[in-house]
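The values are calculated or read from the model by the stated rules, or taken from the named source; none is laboratory data. Keep in mind that this is a model prediction, so the values were computed, not measured. Cβ sites come from the backbone with ideal geometry, for glycine too, and all protein chains shown count toward neighbours.
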């Protein structure tokens, strides 16, 4: 949008939003036997920034009216198909991980942790969303922050944000919606930090601990084969879910993409191993993603990143 400007960019975003995910997709998701959709959003969706400090107009750079489509998903499409919606806070002001999925002003820079006004903006936004949808039957809850990534000294800042968000949503809004918390990306496992004892009942309720479990990065051909990955899932990784002692695990992202060109038989074994493991996640799972764009801009019907394509191909059965 910084490059295109609103005159050229807004119509393109509107066209994408109108056509990429539609009511028909929710019908297909329901027909596939799925009951939950996780929708990523950015801080600009709420259309305001009441935090103090500099940069309170940065949300205006983005294409407007995204909230209209979230409204439509939660208030019309999802309830018509008996689907629940989990809102995932993917892009916090200042960026919580520096990656493209959090829309940093400069790729690689993480400024969310360092500035309280950015955290305040996120708190205001999740409170706004919880209040907006608290009476909607299809509103499941909010993933409070997607894939935070910083050093160990920032873990207390992250955990305090989660506690503050909980108070805002439970006390200010009066909502008992589901809330998921994510550790730092490097802390996803049963032994990392104090997350297994974080925000537990009875002091906190309706909480889930979110992991993202991919077998793409770190599973290259220099050390791995498809059979080795499948064996590792079945014999080693599955124990992580058995040994976890904290709030119920929700696998917010996974897929059957890899660094290998697997034949259908091997790919099905790879998918089955993951699905079997994820049945141990009491909070369930959501796949990343329902549809996948390839270049030139067209929906790819073969990519392992596309759940729709993999269901049609017979690779995903649960």
>> Looking at region 214-236 only, could you name the residues that are more than 14 Å from residue 272 (Cα to Cα) and either touching a helix residue (DSSP H, G or I) at 6+ places or on another chain (Cβ under 7 Å) or not assigned by TED's automatic domain parsing to the domain that holds residue 272 (or both)?
In response: 219
> Got a sec? Which helices (runs of 4 or more DSSP H) wholly within region 215-317 have at least 1 residues that are more than 30 Å from residue 194 (Cα to Cα)?
Replying inline: 226-232, 264-278, 307-312
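Each row is one residue, and each column tells you yes or no for (1) in contact with a helix residue (DSSP H, G or I) (Cβ under 9 Å, 6 or more places away or on another chain); (2) more than 30 Å from residue 79 (Cα to Cα); (3) surrounded by fewer than 21 Cβ atoms within 10 Å (Cβ to Cβ).
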| position | (1), (2), (3) |
| --- | --- |
| 105 | yes, yes, yes |
| 117 | no, yes, yes |
| 128 | yes, no, yes |
| 132 | yes, no, yes |
| 135 | no, no, yes |
| 139 | yes, no, no |
| 159 | yes, yes, yes |
> When residues of region 161-177 are filtered for being buried (at least 18 other Cβ atoms within 10 Å of the Cβ) and not in a helix (DSSP H, G or I), how many remain?
Replying inline: 2
> Across region 121-160, what is the total count of residues that are more than 15 Å from residue 87 (Cβ to Cβ) and assigned to a helix (DSSP H, G or I)?
Replying inline: 10
> In region 74-84, is there at least one residue being crowded, with 16+ Cβ neighbours inside 10 Å and over 30 Å from residue 30 (Cβ atoms)?
Replying inline: no
> Pick from 111, 151, 120, 131: which is free of Cβ contacts under 8 Å to residues at least 12 places away in the same chain, more than 13 Å from residue 42 (Cα to Cα) and over 14 Å from the mean Cα position of the chain (by Cα)?
Replying inline: 151
> Any chance region 36-59 includes a residue that's closer than 26 Å to residue 287 by Cα, exposed (fewer than 14 other Cβ atoms within 10 Å of the Cβ) and out of contact with any strand residue (DSSP E or B) (no Cβ under 6 Å at 6 or more places or on another chain)?
Replying inline: no
>> Among the residues in region 25-47, are any free of Cβ contacts under 8 Å to residues at least 24 places away in the same chain and under 20 Å from residue 306 (Cα atoms)?
In response: yes
>> Consider region 255-268. How many of its residues are out of contact with any helix residue (DSSP H, G or I) (no Cβ under 6 Å at 6 or more places or on another chain) and surrounded by 13 or more Cβ atoms within 10 Å (Cβ to Cβ)?
In response: 6
